[in-house]
1. At 222 nm, what value in deg cm²/dmol follows for chain A if DSSP H runs of at least 4 each add -39500 (n - 2.57) and the sum is divided by all its residues, to the nearest 500?
2. In percent, how large is the relative contact order of the stretch B:120-197, given Cα pairs closer than 8 Å and 6 or more residues apart?
3. What residues have an amide H closer than 5 Å to that of A:L94, excluding those fewer than 5 places away on the same chain, when H is modeled at 1.01 Å from N in the peptide plane?
4. What ³J(HN,Hα) values, in whole Hz, does the Karplus curve 6.51 cos²θ - 1.76 cosθ + 1.60 give for the stretch A:235-252 when θ = phi - 60°, with x put for Gly and Pro?
5. Within 10 Å of each candidate Cβ there may be at most 16 other Cβ atoms; applying that plus a DSSP loop requirement, which chymotrypsin sites (Phe, Trp or Tyr not before Pro) in the stretch B:195-290 survive?
6. Could you work out which residue, out of A:I153, A:I16, A:I274, moves most in a Gaussian network model of chain A, that is, has the largest mean-square fluctuation with Cα springs under 10 Å?
7. So what is the calculated 222 nm ellipticity per residue for chain B, using -39500 (n - 2.57) for each DSSP H run with n of 4 or more, over all residues, to the nearest 500 deg cm²/dmol?
8. Give the Rg (one decimal place) followed by the Dmax (whole number) of the stretch B:71-311, computed from C-alpha coordinates and expressed in Å.
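Each reported figure results from applying straightforward, stated rules to the coordinates on display, with no laboratory input. What you are looking at is a predicted structure, and each value in this text was computed from that prediction instead of being measured. Because the Cβ atoms are built from the backbone with ideal geometry, glycine has one as well, and the counts that use them run over all protein chains shown.
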Amino acid sequence: MDSSALLTEAFFAALISGALLAALPILFASLGEAISEQAGVLNVGLEGMMLFGAYAGFNGALYLHSSWLGLLAGIGGGVLASLTMVVLCVRMRLDQIVVGVALFLFAEGVTSLLHGAQFGESYPRLEKPSELAIPLLSDLPAVGESLFSVHPIVYIGFALVFLVSWMLRRTSTGLNVRAAGETPAALDAAGVSVVRTRTWAVLACGALAGLGGGYLAIIAAGSFTPFMTQGAGFMAIVIAMLTRGKVLWTIVGSLLFGVSLTIATALQLAGITIPTDWVQMLPFVTVILVLILFARRSYLPSALALPYVRGER
Amino acid sequence: MTEIAVARPVAEVPRRTLRGLLEPVVMSVTPVLLAIVAGGILLTILGRDPLSFYGDILQQGMLESFGLQQSVVRMATLLMIAAGLIVAFRANLWNLGLDGQFLLAAAFVAGLAPSIVSSLGMTVGLTLCFVIAAVVGAVWTLVPAGLKARFGVNEIITTLMMNFIGINLANILVKGPFLTDAPGVPRTDILPLAERLPVLFDTRIHIGILIAAATILLVHLVMTRTPLGLRLRVLGANPRAAVHFGLRTKRLTLVAFMVSGALIGMSGAVSMLGDWGSFRADWNPGYGFLVVPLVFLARLNALATVAFVALFAVIQIGGEYATREADLPNDFVLVLVGLILFFMAITEFMRVRRERRLAFVTAGLASRLRRGGDDG
């Protein structure tokens, strides 16, 4: 093995651009899940919301001929999917895990079914959306092209993480959200509706998951294929749980997953072939190791996955 | 934590009355019917005839002899998985890593079975394969179980992680040490037909269904008639109460997880030794998430699960044909299962709300109202 091959421009370019492409959907989804978990709603159906977002986003981009409108459609798809969570789990207080699994299975089936009925014969692809090249920075060797000449939604995505982090920690809205997950009774006593707070949190989660799905279909893949999220939603749930309310960590987590999802392809460019099965395992093994090492420090909102009933202990 | 997952220790409805017997049946059948209707509406929107679609499912999955045999064969695997799930869910442990446990055990069995069976003979060899599968499945739950018991780490996350690792590891095994020398798709050595689980009479149905039936019966008896079953249910209903009872909750958590994993691993053995005879690389039927709703529909009652697994096997086998006829992807089954879960949650909500409303009268009057006022 020639180690200098690892340091070629092609390798870094492929690794960074691939990792960004793979990480962004997970970043959006885990950011959404973090908000929802902080508000006390464990959203197991995240993968389903991403699939709805991907399907709606792909259709939007295909028929409206704009990646931006497509991403908006993706948000719409995710919000629609999260409405089922809002109605069934937040309003009707049904079991969040049962409904989440239902949403996940339903989304897998329905998007595949609709896709099959709609595009059974032809497999349309989207043209590559235009990218925003930042002057000077995008001319940097190796990393320039892949880091600073990307679809603008990438920058918006990272900005959103900081915005949400600031909102959760520094604004009264954020305080309400965290109270809804920690001690909903106290929030209720303070005169703020727990149901309404959780509703907005879940809708935000749906919007972000839908955006992630839309990004996956429109920008990363350029088409919709059934089951295309391939566990990204579950990875996002894990990242959200591990961040323990410090949402800035979602960036680290999703980039870690992004790198391990693409390192096999990048290494092939450098002439090293590792079986994909090994590489795909890496992020999950990392998480398990982290859990084993830091298990004692893991922390979840105490009212997570518990429906709030006024007056009930 | 939940109305559905938690076994109610106090029977609110008297079991002996006709109403008390009928209510669980109605509660379980209603969501299935609603899901079938909603699925039919979706089919109509897609421009397909729902009646002929469902007719195809029934015809191919149940009424044709070949389809019926296939459905029974499929039932064997699914029943074993259901048995494993019931043990974990009764203890309120969310073992969602079942695909990983299933596939990893299946990979080990498929890889080792040809040499084991040919050197040890059918009876000993096949039995040993089941033991291997059980051990692999149980070992794969050790990390989530240990983390849950020791540090209270949420088992949904850990089992899901181990799930993905298990699926990949199974493929690594199949493409590596267990890879066959024969040309073609990467797979394990094929177990000759004569060395697989023996078939019953002149059918394609193998004795896996008998093993599964015995297992589910055993699980039912253990969960309802033995101290261990009671302990697990107490742990599931209220972990704090379990501690005050003096139960060793950590050990119980480990036991429930490992038994659950062992049974799910054994379903992988049934699938490999009976149905397929070989593990093809990247094979993942995704049974896990499909069985979860069935177990809930049966309200974690092992015997009731049999009926739902039978129904589901028919839908799956018949659905393969029906979706092909209707020129749709095979994933319609997923839609049905998702819908069933939704409607199940909603029906449960209606029941609880009705009981809550009654409860606001007074306890005695409420029970009289519930019985229809005939024998208050």
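1. Theoretical 222 nm ellipticity from helices: -22000 deg cm²/dmol.
2. 21
3. Amide H to amide H, under 5 Å and 5 or more residues apart or across chains, A:L94 pairs with A:C89.
4. Going residue by residue, I get 4, 5, 4, 4, 4, 4, 5, 6, 6, 6, x, 9, 5, 4, 5, 4, 4, 4 Hz, with x marking Gly and Pro.
5. Passing sites in the stretch B:195-290 are B:F201, B:F245.
6. Of A:I153, A:I16, A:I274, the Gaussian network model singles out A:I274 as fluctuating most.
7. The helix-only estimate for chain B comes to -23500 deg cm²/dmol at 222 nm.
8. Rg, Dmax (Cα atoms, Å): 17.6, 61.
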